[in-house]
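Colleague: Before we start, here is the structure in question, set down as structure tokens.
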Amino acid sequence: MSAMAFNPHAIRAIYKFEMARTFRTPLQSIVSPVISTSLYFIVFGAAIGAHMPAVGGVSYGAFIVPGLIMLSLLTQSIANASFAIYFPKFTGTIYELLSAPVAWWEAVIAYVGAAASKSILLGLIILLTATFFVPLRIEHPVFMLVFLALTATTFSLFGFIIGIWADGFERLQVIPLLVVTPLTFLGGAFYSIDMLPGFWRTVALFNPVVYLISGFRWSFYGAGDVSVGVSLAMTLVFLVGCIAVVGWIFRTGYRLKN
């Protein structure tokens with residue numbers, strides 16, 4: 001990829017292609033994740049949540065909504081971005097992209113932007129769906145959208161890295177299934193880490209997903225497991241780290257040309 005003047009046409013073309021792929025398969029891309037998350041609302045929110053005590057003055061069903069949205073946002077961002085870049089590698093069309101007059105950062109903006117757009121759309125649909133099952137309030141809607149956009153972008157970048165690293169379809173699932181999903185469940189999606197004993201609460205603070213969920217939950221109810229400033233800072237650190245790794249990949253050609 002050449003380092004030339006800004007090329008918005010290339011960004012728009014890749015972005016539109018990736019978004020069109022989503023709308024060609026709405027059942028897989030949108031309906032399936034929404035139904036899966038709705039089952040959590042029904043089971044944990046409406047059924048079990050009715051018999052659970054409130055958490056920090058918030059009903060249990062409403063308390064888990066930010067965590068469930070974040071769980072779907074993380075998994076879908078990674079899946080969308082990793083498949084988007086892995087498929088051109090698999091078919092060999094990535095060589096056309098590498099030889100085209102498109103800067104590497106333009107390709108990244110297009111692929112990651114499309115993946116993040118899909119995830120944000122899905123997150124908003126799930127949020128709307130949740131209102132049918134549990135009572136919700138959003139005290140800081142601007143911060144809610146900021147956390148939604150930052151998280152989707154960060155994990156789309158992370159998924160982009162996974163898509164380049166993977167040398168087979170099965171490897172696309174390894175990190176999301178064995179690392180990201182467990183960290184999300186252990187990161188306070190279904191509970192507050194303040195409920196944990198002192199030692200385990202300290203251990204939980206080493207889980208980066210705790211800061212994502214806490215900041216996102218703060219935007220709903222004005223309270224989180226850690227301060228919103230720390231949550232925002234940790235999200236930005238992860239974002240910058242992913243950008244640095246992607247830049248290194250394109251500078252070195254790591255797993256792009258072989």
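The values are calculated or read from the model by the stated rules, or taken from the named source; none is laboratory data. Everything numeric here is computed off the predicted structure, so don't read it as measured data. No Cβ is skipped: glycine too gets one built from the backbone with ideal geometry, and neighbour counts run over all protein chains shown.
Colleague: Of all residues in segment 177-219, which are of a type in the set (Val, Ile, Thr) and surrounded by fewer than 15 Cβ atoms within 10 Å (Cβ to Cβ)?
Modeller: 179, 202, 203, listed by residue number.
Colleague: Got a sec? Which of 61, 113 is in contact with a helix residue (DSSP H, G or I) (Cβ under 9 Å, 6 or more places away or on another chain), small (Gly, Ala, Ser) and closer than 21 Å to residue 213 by Cα?
Modeller: Sole residue among the options that is in contact with a helix residue (DSSP H, G or I) (Cβ under 9 Å, 6 or more places away or on another chain), small (Gly, Ala, Ser) and closer than 21 Å to residue 213 by Cα: 61.
Colleague: Report whether or not residue 221 is in contact with a strand residue (DSSP E or B) (Cβ under 6 Å, 6 or more places away or on another chain) and aromatic (Phe, Trp, Tyr). Even if it seems obvious, please write down each step before you answer.
Modeller: Details: in contact with a strand residue (DSSP E or B) (Cβ under 6 Å, 6 or more places away or on another chain): yes; aromatic (Phe, Trp, Tyr): yes.
The answer is yes for residue 221.
Colleague: Between residues in segment 67-96 that are without any contact (Cβ under 8 Å) to a residue 12 or more places away in the chain and residues that are part of a helix (DSSP H, G or I) and not acidic (Asp, Glu), which pairs lie under 6 Å by C-beta distance while being six or more apart or on different chains?
Modeller: Sorted first by the residue in segment 67-96, then by its partner, the pairs are 88/94.
Colleague: Pick from segment 128-149 the residues that are outside any loop (DSSP other than H, G, I, E, B) and β-branched (Val, Ile, Thr): which of them is nearest to residue 212 (Cα to Cα)?
Modeller: Among those that are outside any loop (DSSP other than H, G, I, E, B) and β-branched (Val, Ile, Thr), it is 146.
Colleague: Another question, then. Inspect segment 53-63 for any residue being of a type in the set (S, T, N, Q) and in contact with a Pro (Cβ under 8 Å, 6 or more places away or on another chain) and give the result as yes or no.
Modeller: Applying the first criterion (of a type in the set (S, T, N, Q)) to segment 53-63 yields 59.
Subset that is in contact with a Pro (Cβ under 8 Å, 6 or more places away or on another chain): 59.
The answer is yes, given that some residue of segment 53-63 is of a type in the set (S, T, N, Q) and in contact with a Pro (Cβ under 8 Å, 6 or more places away or on another chain).
Colleague: Just checking: which of the helices (runs of 4 or more DSSP H) contained wholly in segment 159-258 hold 2 or more residues that are within 18 Å of the chain's Cα centre (by Cα)?
Modeller: 169-175, 181-185, 208-221, 228-252
Colleague: Just to be sure before I move on: is residue 37 within 30 Å of residue 242 (Cα to Cα), at pLDDT below 95, of a type in the set (Ser, Thr, Tyr) and in a helix (DSSP H, G or I) in the structure I sent?
Modeller: Yes; evaluated as a whole, the condition is true for this residue.
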